[in-house]
Amino acid sequence: MKRILLVEDDIACLRTMKLVLQLEGYEVNIASDGDGALLAFHNSSAKFDLVITDVQMPRMSGIEFLSAIVTETCCPKILAMSGFFDQQTVGSLQANGCTNYLKKPFNDQELLGVVSELLK
């Protein structure tokens, strides 16, 4: 079973995406901000196959979170979500090992399609 760490500060979106991914057979751990994601990432007993993170979050942004984990030897594949990707944001994501983006809003099938492709 593939393990996903899902990071999203909108609780309704977080719950919906978690359910969609679980119904597809993925094991999903969640965090509602970058600080919580960093704790979940480091406290997990098994490695994650994929991290899906919102870019814009309070306290610690998705980019800051990725910057903290990108040097890890077991850094998983990364998918960034945002309603707006400008050149600066994309450059910061790429500098932190993320080249996969999902523009909000998206539907369940778009999410599952990208996740499936990344976890092949």
(message) Take the residues in region 7-32 that are touching a helix residue (DSSP H, G or I) at 6+ places or on another chain (Cβ under 6 Å) and outside any loop (DSSP other than H, G, I, E, B); name whichever of them is nearest to residue 103 (Cα to Cα).
(response) 7
(request) Within region 33-54, count every residue that is within 11 Å of residue 5 (Cα to Cα), touching a helix residue (DSSP H, G or I) at 6+ places or on another chain (Cβ under 9 Å) and not in a helix (DSSP H, G or I). (result) 6
(message) I'm told residue 47 meets every condition in (1) over 17 Å from residue 14 (Cα atoms); (2) crowded, with 18+ Cβ neighbours inside 10 Å; (3) charged (D, E, K, R) except one. Can you identify the failing condition by its number?
(response) (2)
(request) For region 72-79, indicate whether the set of residues that are part of a strand (DSSP E or B), at pLDDT 95 or above and either surrounded by 12 or more Cβ atoms within 10 Å (Cβ to Cβ) or aromatic (Phe, Trp, Tyr) (or both) is non-empty. (result) yes
(message) Here are the criteria: (1) touching a strand residue (DSSP E or B) at 6+ places or on another chain (Cβ under 9 Å); (2) not in a loop (DSSP other than H, G, I, E, B). Tell me which single one residue 97 does not satisfy.
(response) (2)
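The values are calculated or read from the model by the stated rules, or taken from the named source; none is laboratory data. As the structure is a computational prediction, the values presented were derived from the model and not from experiment. Ideal geometry is used to build each Cβ from the backbone, glycine not excepted, and the neighbour counts take in all protein chains shown.
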